[in-house]
Amino acid sequence: EYRQAKLVTPAVDESRLTLGKSSAPVHLIDWIDIQCPHCKHFIEAMDGILQSIPPDQLSIESRHYPLDAECNPAMPPERRTGVSCLAAKALICLSDKPNFDAQRHELFKQQKFLTKELIWSTLTSDAKTRESLQTCIDAPETQAKLTADLKLADAHGIEGTPLVVINGRKTSAAPPIVYALILAQGDANAAEFATLPPPQKIVRAEEGGAPHQ
């Protein structure tokens with residue numbers, strides 16, 4: 001998938017960096033929906049990957065693709081709770097804060113029963129911080145950033161979340177693939193890929209076997 005993916009190379013948006021510097025040899029962009037279980041697993045897996053690579057090897061832009069029609073026109077109208085949209089805008093506002101990662105993890109922990117009010121109580125500690133966050137969420141600049149996230153994801157041909165892009169090319173969100181691409185500095189022909197296990201055939205139900213989980 002990575003080798004055939006279209007190359008889309010906008011300049012690194014330093015205002016969206018949540019890890020590393022724009023000069024890092026590997027630039028990863030991820031798009032998540034806070035209610036997406038696969039996104040939760042990907043972010044948790046990235047924690048382990050980050051402990052295994054040199055600190056100056058990677059920069060990350062954290063972006064958002066809420067699967068919610070309230071803020072994403074690509075979604076069907078029945079998918080409209082506003083929960084994912086609120087979380088996306090709130091995390092955009094908090095992305096330059098030192099506790100961004102911890103707050104995102106906390107929202108993911110509560111994923112199965114997340115509500116708008118639970119987002120507020122998780123991310124704010126008092127009326128003053130809630131008012132400040134609300135002001136940012138309502139700001140045109142925040143909506144512009146979310147709109148930019150949606151457009152860039154569409155440019156990469158997003159088919160679901162999480163969407164992961166390394167050095168301008170869409171790749172699988174499977175942690176071993178992401179880890180190998182980081183070690184290889186985005187070169188899919190590098191020797192690091194020889195260490196990956198061979199792909200397994202997926203036996204589908206219609207072929208007479210049980211679906212691969």
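Read the figures in this text as sums done on the coordinates, not as results from a lab. From a predicted model like this one, the values you see are computed outputs, not experimental measurements. Positions of Cβ are generated from backbone atoms using ideal geometry, with glycine treated the same way; all protein chains shown enter the neighbour counts.
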*Going by average Cβ neighbours within 10 Å, how do the peptides 173-185, 58-70 rank, with the highest at the top?*
58-70, 173-185
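For a protection proxy built on the mean count of beta-carbon atoms within 10 angstrom, sort 107-114, 148-155, 96-103 highest first, please.
Ranked from most to least packed, the peptides come out as 148-155, 107-114, 96-103.
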*Looking at region 1-105 from every direction and averaging, what is the projected area of its Cα convex hull in nm²?*
7.8
*If you stretched the chain out fully between Thr115 and Ser172, how much longer would it get, using 0.36 nm times the residue separation minus the C-alpha to C-alpha distance?*
17.6 nm
_Dipole of the chain, positive end: most advanced residue of Thr115, Leu17, Leu50 [Cβ charges, Cα centre]_ = Thr115
_With a cut-off of 8 Å between alpha carbons and a minimum separation of six or more residues, what is the relative contact order of the chain in percent?_
28
_Using a Förster radius of 41 Å, what is the FRET efficiency between Lys97 and Ala190 based on their Cβ-Cβ separation? Nearest 0.05, please._
0.70
*asked:* Can you say what percent of the DSSP beta bridges in the chain, counting only those with both residues inside, are antiparallel? Round to 5.
replied: 55
*Identify unpaired cysteines across the chain, taking unpaired to mean no other cysteine Cβ lies under 4.7 Å from the residue's Cβ.*
none
*Straight-line reach from Lys89: which lysines have Cα under 19 Å away, leaving out those fewer than 8 places along the same chain?*
Lys40, Lys97, Lys109, Lys116, Lys128, Lys145, Lys151
*What number in nm² do you get for region 53-110 if you take the convex hull of its Cα atoms and divide its surface by four?*
5.2
*Amide H neighbours of His64 under 5 Å, at least 5 residues apart or on other chains, H built in the peptide plane: list them.*
Ile32
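Given the alpha-carbon gyration tensor of region 92-137, what are the semi-axes of its equivalent ellipsoid in whole angstrom, ordered largest first, with each equal to the square root of 5 times an eigenvalue?
Values: eigenvalues 57, 37, 14 Å².
Value: 17, 14, 8 Å, ordered largest first.
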*Shape metrics for the chain, restricted to C-alpha atoms - Rg then Dmax, Å*: 18.0, 60
